[in-house]
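Presented below is the structure to which this report refers.
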């Protein structure tokens, strides 16, 4: 199966698919931005600035991370795209939403569509907001839309219900919504990580026969029960951790209201999307910043529960990671990863501060035996749905192979009927 992956950004699932295709000799090329732009720029700046040790350390970490994401089949196609993406993510101006949500994806899509040699391809995989031109220009390969989010209109509806006009800063713009809807219409296959995503797609007009449910994987070797840094016998109240973007969509304002005054400690780990959320933090809340996978694994073992009261979330990876590490989970029915959880975890309606506070009040400090029990139940329990990233990629490519065979058979039938007529 000759495959091209147009990888506007490198999240876990697209990386798993890329590695699988490369390992099995099926990846013809992977079109990517110049991911080394930030690392190289930081290294250059550090070399001319005195006393820039922190910047040099950042450059080294960034360069190592970029190197770990490379494949032999990679073809960088756009420096400007990465400049616009970084500007949209790091600055706050009136045009930031346009740059950060739409412009860089559209630019990357245009360049990828022109660069791709699709004549001998069987499959091309694209990502939301960055494959409309790609799918329009190259009709011969099986066109696969890799859905990492819920339908744009489903997200906007969910944000509006919970936050009203305040949600505008995180809502999909009309132009990006139309672009993604065009991509969904052009796609032959839509990979969806949860039933939640499938239901939202169907409700907003996506043909059900395009949709394929493929639950994400989890790194079960990295995320496991380990020894906590602070022994559980040394503390009397539970430690909770939130991992994700500090945003309205992830339910952080509701979480901060719910923990205020509770007999718990809360750690917030992740990139701050909306700094206004962090004004007047409760005194039982601390910020950890963005954690590496290794640091996150250690952090899980120093907490008792992961709390992710999402208003809209296609399938949060941290839920499975934390559960595999033996934590209790508190999340919502608006998070697709809730489908993976055994019954002892707490799944509540989104946007309900009172139910969230009640759930948090029921949490306790875990023993190591508790952690091992919860981890085993997620991994090996009767209703376990977690699997490795390799298993995820195997399933996706098996489905795509079947779809290709079906399409080829239907094409032959049409040709035979045409000859008979």
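The values are calculated or read from the model by the stated rules, or taken from the named source; none is laboratory data. Note that the structure is a prediction, hence the values are computed from the model and not measured. Reconstructed Cβ throughout: ideal geometry from the backbone, glycine too, with neighbour counts over all protein chains shown.
In the stretch 190-308, which strands (runs of 3 or more DSSP E) lie fully inside it and hold 2 or more residues that are under 20 Å from residue 330 (Cα atoms)? Walk me through it before giving the result.
Numbers: elements: 211-213, 239-243, 265-269, 285-289, 305-308.
So the answer is 239-243, 265-269, 285-289, 305-308.
Tell me which residues, restricted to the stretch 290-317, are under 25 Å from residue 236 (Cα atoms) and without any contact (Cβ under 8 Å) to a residue 24 or more places away in the chain.
Step one: list which residues in the stretch 290-317 are under 25 Å from residue 236 (Cα atoms), which gives 295-309.
Within the stretch 290-317, just 295 meets the criteria.
Being touching a residue at least 40 places away in the same chain (Cβ under 8 Å), surrounded by fewer than 19 Cβ atoms within 10 Å (Cβ to Cβ) and part of a helix (DSSP H, G or I) is the filter here, so list the residues in the stretch 318-356 that pass it.
Within the stretch 318-356, 339, 353 qualify.
Can you tell which of 335, 283 is within 15 Å of the chain's Cα centre (by Cα) and either in the same structural domain as residue 366 (by TED's automatic domain parsing) or farther than 22 Å from residue 388 by Cβ (or both)? Steps first, please.
Details: 283 fails: within 15 Å of the chain's Cα centre (by Cα).
On inspection, the qualifying residue turns out to be 335.
Of (1) modelled with pLDDT of 75 or more; (2) crowded, with 18+ Cβ neighbours inside 10 Å; (3) over 26 Å from residue 295 (Cβ atoms), residue 13 satisfies all except one. Which?
Evaluating residue 13 over (1) modelled with pLDDT of 75 or more; (2) crowded, with 18+ Cβ neighbours inside 10 Å; (3) over 26 Å from residue 295 (Cβ atoms) leaves (3) as the failure.
For the stretch 142-164, name all the residues that are buried (at least 23 other Cβ atoms within 10 Å of the Cβ) and assigned to a loop (DSSP other than H, G, I, E, B).
Within the stretch 142-164, 147, 150, 151 qualify.
With the requirement that a residue be touching a helix residue (DSSP H, G or I) at 6+ places or on another chain (Cβ under 8 Å) and loosely packed, with under 15 Cβ neighbours inside 10 Å, what does the stretch 366-393 give you?
Selection gives 367, 384, 385, 390.
Rundown of residues vs (1) touching a helix residue (DSSP H, G or I) at 6+ places or on another chain (Cβ under 9 Å); (2) modelled with pLDDT of 95 or more; (3) not assigned by TED's automatic domain parsing to the domain that holds residue 77, yes/no style:
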site: 127; (1), (2), (3): yes, yes, no
site: 151; (1), (2), (3): yes, yes, no
site: 165; (1), (2), (3): no, no, no
site: 172; (1), (2), (3): yes, no, no
site: 177; (1), (2), (3): yes, yes, no
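Which residues, taken from the stretch 342-358, are within 22 Å of residue 301 (Cβ to Cβ) and touching a strand residue (DSSP E or B) at 6+ places or on another chain (Cβ under 6 Å)? Steps first, answer last, please.
At the first step, the residues of the stretch 342-358 found to be within 22 Å of residue 301 (Cβ to Cβ) are 342, 344-346.
Correct list: 345, 346.
Any residue that is in a helix (DSSP H, G or I), over 29 Å from residue 209 (Cα atoms) and touching a strand residue (DSSP E or B) at 6+ places or on another chain (Cβ under 8 Å) - is there at least one of those in the stretch 398-418?
Residues of the stretch 398-418 that are in a helix (DSSP H, G or I), as a first pass: 398-418.
From what is left, the residues that are over 29 Å from residue 209 (Cα atoms) are none.
No - not one qualifying residue is present in the stretch 398-418.
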